[in-house]
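**Student:** One structure, as structure tokens, below. Some questions next.
Rule-based calculations on the coordinates, nothing more; no lab input. Everything numeric in this text was worked out from a predicted model, so none of it was measured. As a convention, Cβ positions derive from the backbone with ideal geometry for all residues, glycine included, and neighbour counts pool all protein chains shown.
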Amino acid sequence: MVHFKQFAFKKFGYFDFTDALSDKQLNEDFKEYIKVIFVKAGGKVVIDFKEFQLEKDAMFFISGSQHYWFNEICCGTLLFYNRDFYCVEIHDKEVSCDGILFHNVYDIPVVQLDDEQSAAMQKLLQEVQVEIMSEDSTTEEMLRILLKQIIIKSTRLWKQEHQVKDEEARQEVEFSRKFSQMVEWNYTRLHTVADYADMLHISPKALNKRITRYSSTTPNDIIKNRIILEAKRLLVHTTLSVKEVGFKLGYEDTSYFIRLFTKQSDMSPQSFRSQYQAH
């Protein structure tokens, strides 16, 4: 059962799920919302064509544009809210989260939980459930406080897992996040490392050095991966032609776009579309 609160333009909701949710429920009914999802171990989650077979309980952080799916044995809790209720760009500095969990072009933000961490997270989710049933005048702010706690705790766990321990490492993560956000905002029109290096007022070589310091992924990989991810979404979830998909992503030369997609994906755009339509 979905529990939902609306405070003027601010929206927040919660529900527990114990079996597979339909594609419409996941990707249409909640499309406008940011999602925080707790999933119990044993299930399978697919987000933007990447599969997670969960050996531990886990937290996922999903923005509106990401396509996701759970198998029939998944169970857990989904929180959903709009930007008016909690805006990552505005509140990140406030809770010292560095934007790690949302709009991350490097990887799908997932936090694996051990038994103790899972118990603590489930306790917070239970508090959300109790609070959302309340009609008190402080309910909105209490829900926001609980959401912040979930985000802060998850960010700490992510940093521990990725060994972000000192100030230098934190600054490099922040720089990587800045680059990540720039790619997210500009990938349909800026396609080269030099484009982004110019925006950051550094050389392409310096940009490559900073991004690869804590990751094996290069700036060029990140740019191309984001473009190809959007191409895959459009091929699978729209009826746009291959030419229209390429044009939407900033490629007027359809042949070049097809070569790029084929090189990055090991199959042509049309083959990729056919493969997923056959599922």
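**Student:** Which of the peptides 223-236, 141-154, 243-256 is most tightly packed, and how do the rest follow, judged by the mean count of other Cβ atoms within 10 Å per residue?
**Tutor:** Values: 223-236: 19.5, 141-154: 17.9, 243-256: 15.4.
The densest-packed peptide leads the list: 223-236, 141-154, 243-256.
**Student:** For region 167-277, what is one quarter of the convex hull surface built on the Cα atoms, given in nm²?
**Tutor:** Values: hull surface 29.5 nm².
Result: a mean projected hull area of 7.4 nm².
**Student:** Going by the alpha-carbon gyration tensor, a ≥ b ≥ c the square roots of its eigenvalues, is region 175-216 rounded (a/c under 1.5) or, if a/c is not under 1.5, prolate (a/b greater than b/c) versus oblate? Walk me through the numbers on the way to the answer.
**Tutor:** On the way: a/c = 1.89, a/b = 1.33, b/c = 1.42.
Because a/c hits 1.5 or more and a/b fails to exceed b/c, region 175-216 counts as oblate.
**Student:** Hey, which of these cross-link pairs are over 28 Å Cα-Cα: LYS56/LYS224; LYS44/LYS123; LYS205/LYS263; LYS11/LYS40; LYS31/LYS153; LYS5/LYS50? Show your work: numbers first, answer last.
**Tutor:** Working: LYS56/LYS224 31 Å; LYS44/LYS123 23 Å; LYS205/LYS263 24 Å; LYS11/LYS40 26 Å; LYS31/LYS153 25 Å; LYS5/LYS50 32 Å.
The answer is LYS56/LYS224; LYS5/LYS50.
**Student:** Here is a follow-up. Within region 173-196, name every residue whose backbone N is under 19 Å away from a label modeled 7 Å from Cα of THR212 along the Cβ vector.
**Tutor:** Flagged as within label range: 173, 175-177, 179-180, 192-196.
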